[in-house]
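First the structure, in the form of structure tokens, and then the observations on it.
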Amino acid sequence: MIYPQIDPVALSLGPLQVHWYGLMYLFGFAGAWWLGRVRAERYGWTAEQVEDLLFYGAIGVIIGGRLGYSLFYDFAANVANPLNIFKVWQGGMSFHGGLLGVLTAFWLFSKKTGKSYFTISDFIAPMVPIGLFFGRMGNFINGELWGKASDVPWAMVFPTGGPLARHPSQLYEAGLEGLVLFIILWWYSNNAKPLGAVSGLFLLGYGVFRFLIELVRIPDAQYGYFAFEWLTMGQILSLPMVVYGAWLMVRAYRPN
């Protein structure tokens, strides 16, 4: 298949350019806001609390995601040119860094509202995959983070990936980490669950899906493979999520 080249600039207004990558984040936050309003009544949240939490979360995603990418994936380049950190429209956001930013935001929000940490994380966990879906679609539009060369019928020739057809790994991530994980979490959290269980399932589900997709995704050029000709930075960062997520679920269901 030929990659459907899309201009990364969605709209130009004189010197102002609106990039699809940025719009994807906006769509993700809008989707989370709508789903949060749907969940609010069931869990005793007010609309104002939902909006405040999403504001905290948005700040955590942007700051944590960009700093995480700078530290985990592009440290040398950003040290050489620190202004690159602010060029979010060029891509370069780390999910794992964004997660750390969001977890910090949850802590601040818990101090403000008096809600327990896992009450907050369990509430918002089913909404996160929607943002992941749009974020990965932004990667696809940017033509970045493609996969290994492949002869599967849906392999694509990416403009920056040379002449070989490759796995569209961005779409795999949008499907598994986004849509599939959303369906699982939304269904699972439809009824009351022990505190921390929904958060644990999110961490476990994302970690497993990301680990598997990394097997067909090209590793970051600055690192390559760390071991076995397949172990990547993304997998190393996902393994603690799998372990901690599984532990949270066991802890949640363990008899007191």
What are the pairs, 6+ residues apart or on separate chains, where a residue within segment 163-186 that is over 16 Å from Phe211 (Cβ atoms) has its Cβ under 8 Å from a residue that is surrounded by fewer than 17 Cβ atoms within 10 Å (Cβ to Cβ) and among the small types (Gly, Ala, Ser)? Leu164/Ala149; Ala165/Ala149; Ala165/Ser150; Arg166/Ala149; Arg166/Ser150
Restricted to segment 204-255, and to residues that are in contact (Cβ under 8 Å) with a residue 24 or more places away in the chain and basic (Lys, Arg), which residue is farthest from Ala125 (Cα to Cα)? Arg217
Tell me, please, whether a residue that is closer than 29 Å to Gly31 by Cβ, touching an Asp or Glu at 6+ places or on another chain (Cβ under 6 Å), of a type in the set (Gly, Ala, Ser) and crowded, with 18+ Cβ neighbours inside 10 Å can be found in segment 190-207. yes
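How many residues does segment 2-57 hold that are aromatic (Phe, Trp, Tyr) and within 17 Å of the chain's Cα centre (by Cα)?
The first filter runs over segment 2-57 and keeps only residues aromatic (Phe, Trp, Tyr), leaving 3, 20-21, 25, 27, 29, 33-34, 43, 45, 55-56.
Applying the additional criterion that residues be within 17 Å of the chain's Cα centre (by Cα) yields 20-21, 25, 27, 29, 33, 55-56.
Here the count works out to 8.
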In this structure, is Pro159 out of contact with any helix residue (DSSP H, G or I) (no Cβ under 9 Å at 6 or more places or on another chain), within 27 Å of Leu26 (Cβ to Cβ), touching a residue at least 60 places away in the same chain (Cβ under 8 Å) and not basic (Lys, Arg)? yes
Of the residues in segment 232-256, those that are buried (at least 17 other Cβ atoms within 10 Å of the Cβ) and under 22 Å from the mean Cα position of the chain (by Cα) come to Thr232, Met233, Gly234, Gln235, Leu237, Ser238, Met241, Val242, Gly245, Leu248, Met249
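Residue-by-condition table, conditions (1) among the β-branched types (Val, Ile, Thr); (2) surrounded by fewer than 22 Cβ atoms within 10 Å (Cβ to Cβ); (3) touching an Asp or Glu at 6+ places or on another chain (Cβ under 6 Å):
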site: Thr113; (1), (2), (3): yes, yes, no
site: Asp122; (1), (2), (3): no, no, no
site: Pro126; (1), (2), (3): no, no, no
site: Gly162; (1), (2), (3): no, yes, no
site: Glu177; (1), (2), (3): no, no, no
site: Val180; (1), (2), (3): yes, yes, no
site: Phe211; (1), (2), (3): no, yes, no
site: Asp220; (1), (2), (3): no, yes, no
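A short reminder: the numbers here are calculations on the coordinates, not readings from a lab. Owing to the predicted nature of the structure, the values given are computational and were not obtained by experimental measurement. Don't worry about glycine lacking a Cβ; one is built from the backbone with ideal geometry, like all the others, and counts go over all protein chains shown.
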